[in-house]
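Reviewing the structure listed below.
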Protein chains: 2
Amino acid sequence: MDTLIYAIPAAGVISLLYASLKTSWVTKQPTGTQEMTEIAGHIAEGAKAFLQREYRILIIFVVAVAALLAFANMGRTDSSWLVAVSFVIGALCSAGAGFIGMTVATKANVRTTHAARTGLAEALNVAFSGGLVMGLSVVGLGVLGLSVLFIVYSNLFDEVGRVINVISGFSLGASSIALFARVGGGIYTKAADVGADLAGKVYEGIPEDDPRNPATIADNVGDNVGDVAGMGADLFESYVGSIIGTMVLGAAFVPVFQEMGVMPTAAVLLPLVLAGVGIIVSILGSFFVKVKEGGNPQTALNTGEFGASGVMAVLSYFIITMFLPEKWELDGMTYTSQNIFFAVLIGLVSGVLIGIITEYYCSTHNKPVLGIAYQSVTGAATNIIAGLGVGMFSTGFPIIVLSIAIVASHYFAGLFGIAIAALGMLSVTGIQLAVDAYGPISDNAGGIAEMSGMPPEVRERTDTLDAVGNTTAAIGKGFAIGSAALTALALFAAFMQQANISSIDISHPVIMAGLLIGAMLPFVFSAMAMGAVGRAARDMITEVGRQFREIKGLREGTAKAEYAKCVDISTKAALREMILPGLMGVFVPVIVGFTSKDMLGGLLAGVTSSGVLMAIFQSNAGGAWDNAKKRIEGKLEIDGVMYGKGSDVHKAAVVGDTVGDPFKDTSGPSLNILMKLIAVVALVIAPLL
Amino acid sequence: MDTLIYAIPAAGVISLLYASLKTSWVTKQPTGTQEMTEIAGHIAEGAKAFLQREYRILIIFVVAVAALLAFANMGRTDSSWLVAVSFVIGALCSAGAGFIGMTVATKANVRTTHAARTGLAEALNVAFSGGLVMGLSVVGLGVLGLSVLFIVYSNLFDEVGRVINVISGFSLGASSIALFARVGGGIYTKAADVGADLAGKVYEGIPEDDPRNPATIADNVGDNVGDVAGMGADLFESYVGSIIGTMVLGAAFVPVFQEMGVMPTAAVLLPLVLAGVGIIVSILGSFFVKVKEGGNPQTALNTGEFGASGVMAVLSYFIITMFLPEKWELDGMTYTSQNIFFAVLIGLVSGVLIGIITEYYCSTHNKPVLGIAYQSVTGAATNIIAGLGVGMFSTGFPIIVLSIAIVASHYFAGLFGIAIAALGMLSVTGIQLAVDAYGPISDNAGGIAEMSGMPPEVRERTDTLDAVGNTTAAIGKGFAIGSAALTALALFAAFMQQANISSIDISHPVIMAGLLIGAMLPFVFSAMAMGAVGRAARDMITEVGRQFREIKGLREGTAKAEYAKCVDISTKAALREMILPGLMGVFVPVIVGFTSKDMLGGLLAGVTSSGVLMAIFQSNAGGAWDNAKKRIEGKLEIDGVMYGKGSDVHKAAVVGDTVGDPFKDTSGPSLNILMKLIAVVALVIAPLL
């Protein structure tokens, strides 16, 4: 059975090989006209430049934290300083996955546009292939990095507990990069988006979604650095976090299994094995994403994604029952392999449910979005009130699903059950992420079609892809939040195990204070992120205005805008503004933890509960506002009057959409990472407390 | 010392007597011109009609819950059914305080307008006297009701624990009425306010703040039923809740004191004694609220309020050290009377601090509000983003103050310390509430001045009073939220004591699920409240439009608007929409509690943490938006351009103000009550679990 340990990195390698195969296929596709190629070149260049500058800053952070980690563990004779090595490798893998994914996405966008000149099926194929590279890079590097570290450390340490302890640094590396990438990318993309939109309002006659708008390239770059690289880093860390959380909790079974004569590390390896199999299933699932001309890309994506989930569920059953003993006991609780499978299943099902609920609240066809559209008749204020209401209300059912998932998976398999449920949700991350990343690629493809003046049928095809992308993005966000919550809980449980805390009594005032402070962090963090977007958008608007004033012929389309200036504003703002919230996420738990580890326990509970709620609220409100606007753009009859683009009702809806932008793409999704990061920091510093 | 028990209701009686003295003084003041008297008549009539209809619905609720309570306690031989009696009396006292306060407020408004024709000092005197009646009715009925019940029950039961258990129904009665009153009043006032404001935008040529606008009377009625009666019910229940929470926790000292030979119920009576003394101090403080013509009413109100707080702090020291033994021990903790005084002091100081922080974020002169004003240059969207950011960011410091207060007061005197800190914050509620209620009275006075066409200097004086009212309202809200959080925690601790729960381990999945569900409630509750305002405002807008279309001469000012129709819309909407969120607050904890009392524990922690944050966020965002608009109305130079009323920047700021309306006056303040109500429900059902 020990050779199996080497099969896991093999799955990671397969993933990366297949990704590189897809990359070269995408690269080989034609880029279309010279104008298209040129525009795409600007976007790719801007994106690459941003990522390079971002990573240059993050290197300082990574080196500093690695040094701190090594220093803090210096006095110990047990090689704990290796946690610093894991941290660096985790950070590198996360950054690498982001870089690969974004590079391919910036190639796939223009090629999708070109393919759309031929047909929908061709365009979907290119866009999805681009997304698949991102998805497979994330899971490939995650599984490869973790399993190689596990093999190396297992040869160094006899005790599995030590191995796991040191390996948790990998997750910390992934989380830190993710937080900066999400926040930085989120600020970048929304500064450009909001700036470009509002410039059209502030200065009369400046087109909003038009190639003449100097912020438009920055806007497209933003999609790549925010929605592709940011989302990738986000899911990379959820993926890695849930694997490590499960490994930590699985380590508790080692002595029991040893006594029973089965492989002692079975429960520790199980998450890696499931992840490895999930990679293969994701690749197989990707073959089913095909659409005919006139067909619905949504169906194709669903077939791939849900098909893979179904297959994964069945395979999990066989893997778990084969891998684990039928029945064992620990601390008075009886575990069975069957029950552990149920926990995985609960994770998968509740992930899908949360996705469906999210889709309900954000879809153009349902009551919530229609309600926002109706409330826009009386102006921006009622549109905003309605959207905030929808966002807040939409927290109800996902939280109930999540609560049931927590209680049920714990009922079946204790804390290990919660951890492996998170893993179940994320087992086919490969294809889920492909479906997610497909969205911004299609969005970009549409933008390029518009800027290069393609005929309407091309734009129509990219619009079809893009519309589907909005729905998949909503579902993906639901998944990301649900899995983040479960992962945070798994890490929370792992922290308690590592810190030797047996209970966190919320009626104890220090813990209550921790709970309040923890619950406050997502609010302050969101405020920082939104403030950053607001400030950067203002700079962008000023710059756009300057170009329209100073560049002669820009308005008429005879002169070129200075796109690079706007790219530069977004880049600088994102890099400057990501620092403070990022550091907050890393250092608040350290400060609180060294004050009182009980308070840190309360803080984790607070940040998780309030973080999940704020994330759902903001993501869904943003999604609903966006689609309410889209709904009106597609003509909507209210009280017998027909409203469309340009009407006052549409203008009110645009205000909501603009407010929703930083909600759904900057602060909201960053909270996923914040709660996991804080839990991981707690886990890593636990042995020092 | 036993005669002292009878001195406490005497303080309540004094309070009510002084309130009736003030009432007759206010009533004796002249009401000015016939037009003024008429307008004021409409307002008073509308307010009274609403309250009567509201109470008619609440009677059904009160009878039903009382029957349920009696029925649930039927099988028990210990007269637990008396909890139903306490419940009914609590509900009656709360409703009574609201009714008295509002009746006087609707008399004081027009008399303030008339007094403003003479001078600022006279106007302040009338407005503040009106507010004082509200304040003294609340504390008077609270202390009187509680102390009489205590005396009666003490004669029935030998054991103090039983007395307290039965008396907790009083708090439940107060909380239920408060929730309905706050939500109903909040919906009423904002439906009218938002409706009146937006009607001006939707239908061209309809004046926003003008007597010709048919919603204007409803708007003024709303100030009375929302900001006076609603705020009164809110603080009535905080006041009562903190007293009862402290009594429950003080009951633990009875056996110790008995053994020491001091009065056994000393710690149980202490909160009532402090409350009684607080009444006298409040009355004395009210004598210092005087202003000269041209003087600053803020200074006068501060002298009264903070002077009373200071005197109360000094008196508390003597009362506590005289009343309690110098030193005693329980469960390994040493208590001293000195330390208990410190806990009270912590409560007082942190209340003031939270008030000051709130004022910082909402004041027209500070960076946060100015930031929102600047962001309005680029339109409504950036105004909204900025306001949401300010609201979210503003949660930071109050939460830190609150956390320190919790940890410090617990350090000094255990859970009893937290409870008595809440009481310390609320000890001079009499005058605090007077200062709060003074605001809407002045606001109304201004409205009446405008509608009756008073000369500008009158409007100027009422505006001066009103501006100060905005600041005092912000500080009052800070106090209300801080005390609500501490009270909820005290009730939480009391619940654990009554339910025999020794710890609430948040790492237990059932409790974690409870925490998540609890944290979700404030979001869903806020969504319901905002949705209600949105819907009601739409009806209002439609009705205003109809009147302007159908009533000839209304626009020209030659015909009268049908004010009663708008009053009716607000009334019906408020009564219809308050039911669901109100019932949610009462029944969710019951359902969860009978499912699992551990989960209920988690729910309490969740609703408290998320409730405090959402309350601060919404209140401060609303206050900041309001003042950003006011700041622009008072002319503001941004980037060298001067903006004022009617400019595009002002229009953007109006959107923010409108969004902020339900935030700060409907959903935000209702959350205070929600968290206390849920805690009280838990406390009352604790013996049944």
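The values are calculated or read from the model by the stated rules, or taken from the named source; none is laboratory data. These figures come from a predicted structure and were not determined experimentally. Neighbour counts run over all protein chains shown; Cβ positions are idealised from the backbone, glycine included.
All told, residue B:407 meets the bar of being within 14 Å of another protein chain (Cβ to nearest Cβ) and surrounded by fewer than 24 Cβ atoms within 10 Å (Cβ to Cβ).
With respect to (1) of a type in the set (Gly, Ala, Ser); (2) within 13 Å of chain A (Cβ to nearest Cβ); (3) surrounded by 24 or more Cβ atoms within 10 Å (Cβ to Cβ), the lone exception for residue B:545 is condition (3). Is it the case, given these coordinates, that residue B:465 is surrounded by 24 or more Cβ atoms within 10 Å (Cβ to Cβ) and within 12 Å of chain A (Cβ to nearest Cβ)? Criteria not met by residue B:465.
Away from every other protein chain (no Cβ under 14 Å) and at pLDDT 90 or above: does that describe residue A:474? Criteria not met by residue A:474. A count restricted to the stretch A:263-296 and to residues that are over 28 Å from residue A:149 (Cβ atoms) and either more than 22 Å from the chain's Cα centre (by Cα) or free of Cβ contacts under 8 Å to residues at least 12 places away in the same chain (or both) stands at 9.
Is there a residue being closer than 28 Å to residue B:618 by Cα and either in contact with a strand residue (DSSP E or B) (Cβ under 6 Å, 6 or more places away or on another chain) or crowded, with 24+ Cβ neighbours inside 10 Å (or both) anywhere in the stretch A:631-647? Within the stretch A:631-647, not a single residue is closer than 28 Å to residue B:618 by Cα and either in contact with a strand residue (DSSP E or B) (Cβ under 6 Å, 6 or more places away or on another chain) or crowded, with 24+ Cβ neighbours inside 10 Å (or both). Candidates in the stretch B:493-534 are the residues that are among the β-branched types (Val, Ile, Thr) and not in a helix (DSSP H, G or I); of these, the one that is farthest from the other protein chains (Cβ to nearest Cβ) is B:501.
Assess whether residue B:567 counts as being facing another protein chain (nearest Cβ under 9 Å) and under 19 Å from residue B:181 (Cα atoms). Criteria not met by residue B:567.
Looking at A:192, A:174, A:181, A:229, can you tell me which residue is within 17 Å of residue A:566 (Cβ to Cβ), part of a helix (DSSP H, G or I) and hydrophobic (A, V, I, L, M, F, W, C)?
Result: A:192 is the single residue among A:192, A:174, A:181, A:229 that is within 17 Å of residue A:566 (Cβ to Cβ), part of a helix (DSSP H, G or I) and hydrophobic (A, V, I, L, M, F, W, C).
Quick check: anything in the stretch B:143-152 touching a Gly at 6+ places or on another chain (Cβ under 6 Å) and either of a type in the set (Val, Ile, Thr) or touching a residue at least 24 places away in the same chain (Cβ under 8 Å) (or both)? The answer is yes, given that some residue of the stretch B:143-152 is touching a Gly at 6+ places or on another chain (Cβ under 6 Å) and either of a type in the set (Val, Ile, Thr) or touching a residue at least 24 places away in the same chain (Cβ under 8 Å) (or both).
Looking at the stretch B:200-218, is at least one residue crowded, with 24+ Cβ neighbours inside 10 Å and of a type in the set (Phe, Trp, Tyr)? Within the stretch B:200-218 (the criterion being crowded, with 24+ Cβ neighbours inside 10 Å and of a type in the set (Phe, Trp, Tyr)), the answer is no, since none of the residues qualifies.
Taking the stretch B:535-563 as the range and being among the acidic types (Asp, Glu) and outside any helix (DSSP H, G or I) as the test, the residues that pass are B:556, B:562.
When you check residue A:314 against the structure, is it farther than 15 Å from residue A:128 by Cα, part of a loop (DSSP other than H, G, I, E, B) and aliphatic (A, V, I, L, M), yes or no? Quick ask: steps written out before the conclusion?
Details: farther than 15 Å from residue A:128 by Cα: yes; part of a loop (DSSP other than H, G, I, E, B): no; aliphatic (A, V, I, L, M): yes.
When the stated conditions are applied, residue A:314 does not pass them.
Pairs are defined by a Cβ separation below 7 Å, a sequence spacing of at least 6 or placement on different chains, a first member in the stretch A:80-97 that is without any contact (Cβ under 8 Å) to a residue 40 or more places away in the chain, and a second member that is in a helix (DSSP H, G or I); the pairs so defined are A:81/A:70.
Of the residues examined, residue B:673 is not one that is free of Cβ contacts under 8 Å to residues at least 12 places away in the same chain and more than 12 Å from chain A (Cβ to nearest Cβ). Applying the condition of being in a helix (DSSP H, G or I) and surrounded by fewer than 24 Cβ atoms within 10 Å (Cβ to Cβ) to the stretch B:358-367 and asking which residue is farthest from the other protein chains (Cβ to nearest Cβ) yields B:359. Residue B:43 falls short on exactly one of the conditions (1) under 30 Å from residue B:319 (Cβ atoms); (2) surrounded by 16 or more Cβ atoms within 10 Å (Cβ to Cβ); (3) aliphatic (A, V, I, L, M), and that condition is (1). Exactly one residue out of A:586, A:659, A:655 is more than 9 Å from chain B (Cβ to nearest Cβ), at negative phi and β-branched (Val, Ile, Thr), and it is A:586.
As for the stretch A:39-57, it holds no residue that is touching a residue at least 40 places away in the same chain (Cβ under 8 Å) and more than 23 Å from residue A:567 (Cβ to Cβ). Select from the stretch A:383-397 the residues that are more than 7 Å from every other protein chain (Cβ to nearest Cβ), part of a helix (DSSP H, G or I) and within 22 Å of the chain's Cα centre (by Cα) and write down the one among them that is surrounded by the most Cβ atoms within 10 Å (Cβ to Cβ). This residue is A:391.
Each row is one residue, and each column tells you yes or no for (1) in contact (Cβ under 8 Å) with a residue 12 or more places away in the chain; (2) part of a helix (DSSP H, G or I).
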position	(1), (2)
A:433	yes, yes
A:441	yes, yes
A:444	yes, yes
A:447	yes, yes
A:453	yes, no
A:457	no, yes
A:466	yes, yes
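Just a yes or no: is a residue in the stretch B:600-618 under 29 Å from residue B:543 (Cα atoms), of a type in the set (S, T, N, Q) and crowded, with 24+ Cβ neighbours inside 10 Å? Looking through the stretch B:600-618, at least one residue is under 29 Å from residue B:543 (Cα atoms), of a type in the set (S, T, N, Q) and crowded, with 24+ Cβ neighbours inside 10 Å. If you go through the stretch B:221-262 and keep only what is within 13 Å of the chain's Cα centre (by Cα) and β-branched (Val, Ile, Thr), you end up with B:225, B:228, B:240. Do we find a residue being surrounded by fewer than 24 Cβ atoms within 10 Å (Cβ to Cβ) and either polar (S, T, N, Q) or under 13 Å from residue A:604 (Cβ atoms) (or both) anywhere in the stretch A:473-488? Among the residues of the stretch A:473-488, not one is surrounded by fewer than 24 Cβ atoms within 10 Å (Cβ to Cβ) and either polar (S, T, N, Q) or under 13 Å from residue A:604 (Cβ atoms) (or both), which makes the answer no. Of the helices (runs of 4 or more DSSP H) lying entirely inside the stretch A:570-689, the ones with 1 or more residues being under 30 Å from residue A:511 (Cβ atoms) are found at A:597-633, A:668-685.
Find the residue count for the stretch B:634-677, including only residues that are among the acidic types (Asp, Glu) and closer than 21 Å to residue B:525 by Cβ.
The total comes to 2.
Taking residue A:7 as the residue in question, decide whether it is modelled with pLDDT of 90 or more and within 27 Å of residue A:144 (Cβ to Cβ). Against the criterion (modelled with pLDDT of 90 or more and within 27 Å of residue A:144 (Cβ to Cβ)), residue A:7 does not qualify. What do you reckon, is residue A:413 buried (at least 24 other Cβ atoms within 10 Å of the Cβ), within 12 Å of chain B (Cβ to nearest Cβ), on the phi < 0 side of the Ramachandran plot and in contact with a strand residue (DSSP E or B) (Cβ under 8 Å, 6 or more places away or on another chain)? Answer is yes for this residue.
Quick test of your reading of the structure: residue B:253 fulfils all but one of (1) at pLDDT below 90; (2) touching a strand residue (DSSP E or B) at 6+ places or on another chain (Cβ under 7 Å). Name the failing condition by number. It is condition (1) that residue B:253 fails. Among the residues of this structure, residue A:431 counts as one that is more than 11 Å from every other protein chain (Cβ to nearest Cβ) and among the β-branched types (Val, Ile, Thr).
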